[in-house]
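As structure tokens, the structure follows; a few thoughts come after it.
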Amino acid sequence: MSDPASDSAAPGEAESLALLETIDSPADLRRLARERLPQLARELRSFVLQTVARTGGHLSSNLGTIELTIALHYVFDTPRDRIVWDVGHQTYAHKALTGRRREMAKLRQWGGPSGFPRRDESEYDTFGTAHSSTSISAALGMAVAARLNGDSRRVVAVIGDGAMSAGMAFEALNNAKGSDLLVILNDNDMSISEPVGALNRHLARVLASRFYNTVRSGGKEVLAKLPPVHAFAKRAEEHFKGMVLPGTLFEEFGFNYIGPVDGHDVEGLVATLANVRKLPGAQFLHVVTRKGYGYPRAEADPILYHGVSKFDPVAGVVAKPAGRPAYAKVFGDWLCDMAAADRRLVAITPAMREGSGLVEFSQRHPERYFDVGIAEQHAVTFAAGLATQGMKPVVAIYSTFLQRAYDQVIHDVALQNLPVMFAIDRAGIVGADGPTHIGAFDLSYLRCLPNTTVMAPADENECRKLLTTAWTLDSPTAVRYPRGTGPGAAIEPGLSTLPVGRGELRRSAKRRHSRIAILAFGAPLHAALAAADELDATVANMRFVKPLDAELVKDLARDHDALVTVEENVIAGGAGSAVAELLASEAIAIPILHLGLPDRFLGHGDPAFLLAQVGLDARGIAASIHARFAQRTPEAWAKPAA
């Protein structure tokens, strides 16, 4: 594998960007002489490192695809030719080369470029991605559309080895035979020693050449008339390629396999891609890269540098002083404690060990820890199978990724009433990752399921208690909690529970007239309490979305003139809808205001800013209540004088 040039800046120090600053589009890039591309790669890598150090974002994956990105835009006629990036968290170099370099200072911030491809951001972002393993399906659709329209454009899907582990990728491969499609496997889980690398570079160029493919196709036609000889030749070819190249599997799908090639040799990549571009039919190029390439700290610890906040690139990421524990840490600690108390516990994650707080559990209980890869559907049904045999599986998963396994949640878990517990992280607004990762829908899509208990803790201590409560139930359960830290509640040791389907009154209004009760579900409780102090409103911490605390709701409706529901979930079908349904079933007529996430996809930005944008901070909650009930005179809803 190629090494960064020795004349580049010291690790972490900024390079001169003289060449990069002349590139405002891929057309500018294609005017460069090929021998200048290594210098461009050095500058672009430095630019990406310095940018992410200032803004935060995905680093290791982006440093690993610099040369590949340059080569793709150099060889292919983008945007006419289509490039689809799987997941898309490796596209910072792509954005910089496609006219967005100057905007990258606001990467993943409100008004700045997204951290993922977005079709409404640039014509070069041909397909919106962020969830894994969709690129081949989308690119195949584009390739078929080009054929039907008589268009000669080329279509490329770039997919990582992790994303290739998901079933959807293989479903698309199985459907792609005969299509003019190039699939590039960005393999950063494999290394090539220098001698083998030289052989592979030679083989890749040979296998990508028109001469080889013409002879190969012609030979097949001749040998097909001699079946025994044809069969022998086919076996010999497969044996040879199987020994030298891991391509036999992809050829079974109808792809011509090429590679592996060094993903950091930009001139070699250009030569190979130029040959591949001329080939008809389904092509599969295996490119080997290294996460964090060119920045030694990221190469040494690509997981640490996968997603980073702002840092000094010379000093590297420095551990922050211990502060309030994140909800993922609260969950991870609870999981270890419960595993020590009950050997039936099994933890499952779809490739989110670090993010979901499972590192310590995986080390302490490796025999009961299962990272199934990017395979959410399998994770849920695997858990269901475990549950049928008396185990107690806990599926640790982000809200946005649980969407991918919804059929399995219904058919394999809820329908069979199996005791599978879902620990749902990243519920609600997630901030810089934007609309693809927001946990906006889980309350709506879970509370409608029979047999299912849905809980929303308001702080860290309540989270631990509701996790224990979920564990005690012999049916499907879900505990949803937000990204990051909570309000700082003291966490009680032990494994105590809370009564199922029971909320609590946290504040009682002092006024006797024009009384409002705010019903808060989960994290918005604290903003609701602050708003209630301004309005002199009653506040209930509901805790349970299903079963709802019906008696508490009815009591509040009896004693107040209006109700307000607050949740960090879409209003449609969410917790507020559950309250309205209960009141309707009881024939209780009372004004009710639903506050939650709006019926649109939110952009990316700071979480506090986004909460304010949608009116879910304290000021927004108070303003919405004032606005909704203004017809009863604003003074009537103001806090009375002491």
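The values are calculated or read from the model by the stated rules, or taken from the named source; none is laboratory data. Just so you know, these numbers come straight off a predicted model, no measurement behind them. Virtual Cβ from ideal backbone geometry, glycine too; neighbours counted across all protein chains shown. Heavy atoms of the whole protein, side chains included, go into the accessibility calculation; ligands, DNA and RNA do not. Shrake-Rupley method; radii C 1.70, N 1.55, O 1.52, S 1.80 Å.
For the reader, a short list of remarks on this structure follows.
- The sole residue among 32, 17 that is among the aliphatic types (A, V, I, L, M), more than 27 Å from residue 302 (Cβ to Cβ) and open to solvent by 10 Å² or more (accessible area, probe 1.4 Å) is 32.
- Residue within the range 562-575 that is among the polar types (S, T, N, Q) and under 37 Å from the mean Cα position of the chain (by Cα) present: yes
- Residue ID - most open to solvent (accessible area, probe 1.4 Å), chosen from residues in the range 560-594 that are part of a strand (DSSP E or B), in contact (Cβ under 8 Å) with a residue 40 or more places away in the chain and closer than 14 Å to residue 520 by Cβ: 568
- For the range 541-598, the tally of residues that are among the charged types (D, E, K, R) and within 19 Å of residue 462 (Cα to Cα) stands at 5.
- For the range 54-77, filtering for residues that are over 21 Å from residue 164 (Cα atoms) and open to solvent by 10 Å² or more (accessible area, probe 1.4 Å) leaves 5.
Each row is one residue, and each column tells you yes or no for (1) modelled with pLDDT of 95 or more; (2) within 22 Å of the chain's Cα centre (by Cα); (3) farther than 16 Å from residue 269 by Cα.
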site: 8; (1), (2), (3): no, no, yes
site: 27; (1), (2), (3): yes, no, yes
site: 38; (1), (2), (3): yes, no, no
site: 43; (1), (2), (3): yes, no, yes
site: 47; (1), (2), (3): yes, no, yes
site: 81; (1), (2), (3): yes, no, yes
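- Filtered residue count, the range 365-394, keeping only those that are not β-branched (Val, Ile, Thr) and not in a helix (DSSP H, G or I): 11
- Residue tally, condition of a type outside the set (A, V, I, L, M) and modelled with pLDDT of 95 or more, over the range 10-25: 4
- Of all residue pairs spaced 6 or more apart or on separate chains, those with beta-carbon atoms under 7 Å, a first member in the range 77-88 that is among the polar types (S, T, N, Q) and a second member that is not in a loop (DSSP other than H, G, I, E, B) are 78/26.
- Taking the range 97-112 as the range and being within 23 Å of residue 400 (Cβ to Cβ) and open to solvent by less than 10 Å² (accessible area, probe 1.4 Å) as the test, only 107 passes.
- The listed residue being closer than 27 Å to residue 168 by Cβ and of a type in the set (Ser, Thr, Tyr), out of 98, 55: 98
- Flag for residue 431 being modelled with pLDDT under 95, in contact with a Leu (Cβ under 8 Å, 6 or more places away or on another chain) and either open to solvent by 20 Å² or more (accessible area, probe 1.4 Å) or part of a loop (DSSP other than H, G, I, E, B) (or both): yes
- Leading residue by the ranking (farthest from the chain's Cα centre (by Cα)) among those in the range 434-448 that are open to solvent by 10 Å² or more (accessible area, probe 1.4 Å) and modelled with pLDDT of 95 or more: 448
- Scan of the range 595-616 for residues that are touching a residue at least 60 places away in the same chain (Cβ under 8 Å), open to solvent by 50 Å² or more (accessible area, probe 1.4 Å) and either more than 18 Å from residue 444 (Cβ to Cβ) or not aromatic (Phe, Trp, Tyr) (or both), ordered by number: 606, 607, 609
- Selection of the range 323-352 for residues being assigned to a loop (DSSP other than H, G, I, E, B) and either out of contact with any helix residue (DSSP H, G or I) (no Cβ under 6 Å at 6 or more places or on another chain) or of a type in the set (Asp, Glu) (or both) yields 323, 324, 325, 342, 343, 344, 351, 352.
- Filter result for residue 474 (of a type in the set (Asp, Glu) and either open to solvent by less than 10 Å² (accessible area, probe 1.4 Å) or in a helix (DSSP H, G or I) (or both)): no
- Residue list for the range 161-193, filter: assigned to a loop (DSSP other than H, G, I, E, B), in contact with a helix residue (DSSP H, G or I) (Cβ under 7 Å, 6 or more places away or on another chain) and open to solvent by less than 20 Å² (accessible area, probe 1.4 Å): 176, 179, 181
Residue by residue, here is whether (1) assigned to a loop (DSSP other than H, G, I, E, B); (2) of a type outside the set (Lys, Arg); (3) without any contact (Cβ under 8 Å) to a residue 60 or more places away in the chain holds:
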residue	(1), (2), (3)
276	no, yes, no
287	no, yes, no
290	yes, no, no
304	yes, yes, yes
310	yes, no, no
314	yes, yes, no
321	yes, yes, yes
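- Of all residues in the range 282-317 being of a type in the set (D, E, K, R) and either in contact with a strand residue (DSSP E or B) (Cβ under 6 Å, 6 or more places away or on another chain) or over 26 Å from residue 353 (Cβ atoms) (or both), the one that is most open to solvent (accessible area, probe 1.4 Å): 297
- Contacts under 6 angstrom Cβ, first residue in the range 374-393 being within 15 Å of residue 344 (Cβ to Cβ), partner at pLDDT 95 or above and open to solvent by 40 Å² or more (accessible area, probe 1.4 Å), 6 or more apart: 391/344; 392/344
- If you filter the range 368-392 down to residues that are under 18 Å from residue 471 (Cα atoms) and of a type in the set (Ser, Thr, Tyr), you find that the one that is least open to solvent (accessible area, probe 1.4 Å) is 369.
- Every test in (1) in a loop (DSSP other than H, G, I, E, B); (2) at pLDDT below 95; (3) open to solvent by less than 50 Å² (accessible area, probe 1.4 Å) is passed by residue 264 save one, and that test is (2).
- Scanning the range 599-611 turns up one or more residues that are touching a Phe, Trp or Tyr at 6+ places or on another chain (Cβ under 6 Å), under 23 Å from residue 439 (Cβ atoms) and among the small types (Gly, Ala, Ser).
Okay, residues lined up against (1) under 20 Å from residue 453 (Cα atoms); (2) open to solvent by 10 Å² or more (accessible area, probe 1.4 Å):
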| position | (1), (2) |
| --- | --- |
| 488 | no, yes |
| 492 | no, yes |
| 495 | yes, yes |
| 498 | yes, yes |
| 507 | no, yes |
| 513 | no, yes |
| 517 | no, no |
| 526 | no, yes |
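- The single condition among (1) open to solvent by less than 20 Å² (accessible area, probe 1.4 Å); (2) modelled with pLDDT under 95 that residue 158 does not satisfy is (2).
Yes/no per residue for (1) under 17 Å from residue 435 (Cβ atoms); (2) at pLDDT below 95; (3) assigned to a helix (DSSP H, G or I); (4) open to solvent by 40 Å² or more (accessible area, probe 1.4 Å):
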| position | (1), (2), (3), (4) |
| --- | --- |
| 117 | yes, yes, no, no |
| 120 | yes, yes, no, yes |
| 124 | no, no, no, no |
| 132 | yes, yes, no, no |
| 144 | no, no, yes, yes |
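- Condition met for residue 511 (within 30 Å of residue 600 (Cα to Cα) and either in a loop (DSSP other than H, G, I, E, B) or of a type in the set (Lys, Arg) (or both)): no
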